[in-house]
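The values are calculated or read from the model by the stated rules, or taken from the named source; none is laboratory data. The structure displayed is predicted, hence computed values, not measured ones. Because the Cβ atoms are built from the backbone with ideal geometry, glycine has one as well, and the counts that use them run over all protein chains shown.
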């Protein structure tokens, strides 16, 4: 069965640039994230703040290849990079002293992907 191409131009650009960063920095983590983003929408990750607060440690860099949702509370400051973050989740992350950024921002800041944890 043929693979259906993605129609979201922003998603296509993110996948293309993550693969490019992966090749240039020889970092397989970004290729893995790109492959996870290419999954069907129903198989993409949806991570709630309650899961982030349960499993992430203070100051950690978390990658969510999908959506971060605002269910739950978060008290530890984290850097959360996701394809999309709900506005309520972004406010809660920033209120806890963390940062909510895009995947490409984190890939540019940390091209080797060292210390990055994929969740979702």
Residue list for segment 17-43, restricted to those being without any contact (Cβ under 8 Å) to a residue 24 or more places away in the chain, over 21 Å from residue 114 (Cβ atoms) and under 15 Å from the mean Cα position of the chain (by Cα) = 39, 41, 43
Restrict the check to segment 49-57 and report whether at least one residue is surrounded by 11 or more Cβ atoms within 10 Å (Cβ to Cβ), farther than 20 Å from residue 115 by Cα and free of Cβ contacts under 8 Å to residues at least 40 places away in the same chain.
-> yes
For segment 1-33, what are the residues that are assigned to a helix (DSSP H, G or I), surrounded by 14 or more Cβ atoms within 10 Å (Cβ to Cβ) and in contact with a helix residue (DSSP H, G or I) (Cβ under 8 Å, 6 or more places away or on another chain)?
-> 11, 14, 15, 17, 18, 19, 21, 22, 29, 30, 31, 33
Which numbered condition residue 79 misses (of (1) under 12 Å from the mean Cα position of the chain (by Cα); (2) over 20 Å from residue 44 (Cβ atoms); (3) surrounded by fewer than 19 Cβ atoms within 10 Å (Cβ to Cβ)) = (3)
Can you work out which of the residues in segment 89-108 that are out of contact with any strand residue (DSSP E or B) (no Cβ under 8 Å at 6 or more places or on another chain) and without any contact (Cβ under 8 Å) to a residue 40 or more places away in the chain is nearest to residue 27 (Cα to Cα)?
-> 97
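Look through segment 103-118, keep the residues that are in contact with a helix residue (DSSP H, G or I) (Cβ under 7 Å, 6 or more places away or on another chain) and at negative phi, and return whichever of them is surrounded by the fewest Cβ atoms within 10 Å (Cβ to Cβ). Step through it out loud before you land on a result.
First, the residues of segment 103-118 that are in contact with a helix residue (DSSP H, G or I) (Cβ under 7 Å, 6 or more places away or on another chain): 103-104, 107, 111-113, 116, 118.
In the following step, the residues that additionally are at negative phi were identified as 103-104, 107, 111-112, 116, 118.
Numbers: 103: 23, 104: 16, 107: 26, 111: 16, 112: 13, 116: 19, 118: 15.
Once the filter is applied, the top-ranked residue is 112.
Consider residue 100 carefully, then state whether it is at pLDDT 95 or above, surrounded by 17 or more Cβ atoms within 10 Å (Cβ to Cβ) and out of contact with any helix residue (DSSP H, G or I) (no Cβ under 6 Å at 6 or more places or on another chain).
On the way: at pLDDT 95 or above: yes; surrounded by 17 or more Cβ atoms within 10 Å (Cβ to Cβ): yes; out of contact with any helix residue (DSSP H, G or I) (no Cβ under 6 Å at 6 or more places or on another chain): no.
No: the conditions fail for residue 100.
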